[in-house]
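Written out below as structure tokens is the structure these notes cover.
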Amino acid sequence: MSTAGRLAGKVALITGAASGIGKATAELFRREGAQLILSDLNGPGVEAVAAALGNSSLGLQHDVTDEAAWERVMAAGKGAFGRLDIVVNNAGVGRGSPLLETSLAQWRDVIAANLDSVFLGCRFGVAAMKETGGSIVNISSILGIVGTPFALAYSASKGGVRLLTKSVALECAQSGWRIRVNSVHPGYIDTPMVQASIANSPAPDDRKKHLLAQHPIGRLGQASEIAEGILYLASDASSFVTGTELVVDGGYTAR
């Protein structure tokens, strides 16, 4: 593992790190020298990822919608590494349904997983880093920028992440806390979440062809490609970047 990488000497918390974009980000961050607090609702899964990355990685079971769980994770991270420099609010769900078939309970579940969790991550992250500075990267979506049918709760939650990010960035700057806050907006990425969405559709082959056609570059993205964007925003290379969104979508939103 690197001891002189772009994140050498930094401690990063990554939620949703058991698979997909979170796991790819953890692997890249570790190669770049970071010490890692990795969390996920899938406790055994995230513990396995942390174990594979070595002694400088801590894996914790974490329900990101639970305030008390955030307190436990932050305390464990501080106990293990003594500081925090980066928070990547990546955990979330990808559920969608038509408007007239979406119950209030279903709506609230998606908002809690995708937006409440980021609010909590920002609040706890800022509290931990306001004296020392740092970077918060919130994972939104292209559907936080453009709409789509049959995914209203998801789109609303990811749009909320986009504007929450800007508001927190401005508050941190005005308060003099030296914490940069930005969002990343992936297109459709070849992760277990997207693979499950395709497999569970009535016509999986047609669904996959449709998704591919939405990306002018001609393919789905890879989790490692999103991780590189997250690394840029987390590192000192982006020291003059705050309150903005990084779109990594193969051209999806360019049309």
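A quick yes/no check of all residues on (1) within 17 Å of ARG180 (Cα to Cα); (2) in contact with a helix residue (DSSP H, G or I) (Cβ under 7 Å, 6 or more places away or on another chain):
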site	(1), (2)
ALA196	no, no
ILE230	yes, yes
LEU233	yes, no
VAL241	yes, yes
GLY250	no, no
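Tell me, yes or no, whether the range 150-163 has at least one residue that is modelled with pLDDT of 95 or more, of a type in the set (A, V, I, L, M), open to solvent by less than 50 Å² (accessible area, probe 1.4 Å) and closer than 19 Å to VAL194 by Cα. Working first, answer last.
Step one: filter the range 150-163 for residues modelled with pLDDT of 95 or more, giving 152-163.
If we keep only those that are of a type in the set (A, V, I, L, M) too, we end up with 152-153, 156, 161, 163.
Subsequent filtering for residues that are open to solvent by less than 50 Å² (accessible area, probe 1.4 Å) retains 153, 156, 161.
Applying the additional criterion that residues be closer than 19 Å to VAL194 by Cα yields 153, 156.
Yes, some residue in the range 150-163 is modelled with pLDDT of 95 or more, of a type in the set (A, V, I, L, M), open to solvent by less than 50 Å² (accessible area, probe 1.4 Å) and closer than 19 Å to VAL194 by Cα.
Looking at GLU32, GLU131, GLU47, GLU67, can you tell me which residue is more than 23 Å from GLY160 (Cα to Cα) and in contact with a helix residue (DSSP H, G or I) (Cβ under 9 Å, 6 or more places away or on another chain)? Explain how you work it out, then say what you get.
Details: GLU131 fails: in contact with a helix residue (DSSP H, G or I) (Cβ under 9 Å, 6 or more places away or on another chain); GLU47 fails: in contact with a helix residue (DSSP H, G or I) (Cβ under 9 Å, 6 or more places away or on another chain); GLU67 fails: more than 23 Å from GLY160 (Cα to Cα).
Criteria check complete, one pass: GLU32.
Applying the selection to the range 90-114, what residues are buried (at least 22 other Cβ atoms within 10 Å of the Cβ), of a type in the set (A, V, I, L, M) and farther than 30 Å from ALA8 by Cβ?
Step one: filter the range 90-114 for residues buried (at least 22 other Cβ atoms within 10 Å of the Cβ), giving 90-92, 110, 113-114.
If we keep only those that are of a type in the set (A, V, I, L, M) as well, we get 91, 110, 113.
Once the filter is applied, which keeps residues that are buried (at least 22 other Cβ atoms within 10 Å of the Cβ), of a type in the set (A, V, I, L, M) and farther than 30 Å from ALA8 by Cβ, the range 90-114 yields VAL110, ALA113.
Just name the residue that is most open to solvent (accessible area, probe 1.4 Å) out of those in the range 164-206 that are modelled with pLDDT under 95, among the polar types (S, T, N, Q) and part of a helix (DSSP H, G or I).
If we take residues in the range 164-206 being modelled with pLDDT under 95, among the polar types (S, T, N, Q) and part of a helix (DSSP H, G or I), then GLN195 is most open to solvent (accessible area, probe 1.4 Å).
Which is crowded, with 23+ Cβ neighbours inside 10 Å, free of Cβ contacts under 8 Å to residues at least 60 places away in the same chain and not charged (D, E, K, R), of GLY45, GLY22, GLY59?
On the way: GLY45 fails: crowded, with 23+ Cβ neighbours inside 10 Å; GLY22 fails: free of Cβ contacts under 8 Å to residues at least 60 places away in the same chain.
Criteria check complete, one pass: GLY59.
Tell me the residue from ALA80, ALA127 that is open to solvent by 50 Å² or more (accessible area, probe 1.4 Å), assigned to a helix (DSSP H, G or I) and either in contact with a strand residue (DSSP E or B) (Cβ under 7 Å, 6 or more places away or on another chain) or modelled with pLDDT under 95 (or both), please. Before you say what the answer is, go through the steps one by one.
Working: ALA127 fails: either in contact with a strand residue (DSSP E or B) (Cβ under 7 Å, 6 or more places away or on another chain) or modelled with pLDDT under 95 (or both).
The conditions single out ALA80.
Only one of these is assigned to a strand (DSSP E or B) and surrounded by 14 or more Cβ atoms within 10 Å (Cβ to Cβ): VAL87, VAL73. Name it. Can you show your working first?
Numbers: VAL73 fails: assigned to a strand (DSSP E or B).
On inspection, the qualifying residue turns out to be VAL87.
Suppose the filter is open to solvent by 40 Å² or more (accessible area, probe 1.4 Å), over 30 Å from GLY147 (Cβ atoms) and over 14 Å from the mean Cα position of the chain (by Cα); does ALA50 pass it?
Numbers: open to solvent by 40 Å² or more (accessible area, probe 1.4 Å): no; over 30 Å from GLY147 (Cβ atoms): yes; over 14 Å from the mean Cα position of the chain (by Cα): yes.
Considered against the rule, which asks whether it is open to solvent by 40 Å² or more (accessible area, probe 1.4 Å), over 30 Å from GLY147 (Cβ atoms) and over 14 Å from the mean Cα position of the chain (by Cα), ALA50 comes out as no.
With the condition kept exactly as written, say whether any residue in the range 133-154 is more than 17 Å from the chain's Cα centre (by Cα) and under 26 Å from SER235 (Cβ atoms). First the steps, then the outcome.
Step one: of the range 133-154, the residues more than 17 Å from the chain's Cα centre (by Cα) are 133, 146-153.
Narrowing the set further to residues that are under 26 Å from SER235 (Cβ atoms) leaves 133.
So far as the range 133-154 goes, yes, one or more of its residues are more than 17 Å from the chain's Cα centre (by Cα) and under 26 Å from SER235 (Cβ atoms).
The values are calculated or read from the model by the stated rules, or taken from the named source; none is laboratory data. Everything numeric in this text was worked out from a predicted model, so none of it was measured. Ideal geometry is used to build each Cβ from the backbone, glycine not excepted, and the neighbour counts take in all protein chains shown. Accessible surface is based on the protein model in full, side chains and every heavy atom, while ligands, DNA and RNA are left aside. Shrake-Rupley method; radii C 1.70, N 1.55, O 1.52, S 1.80 Å.
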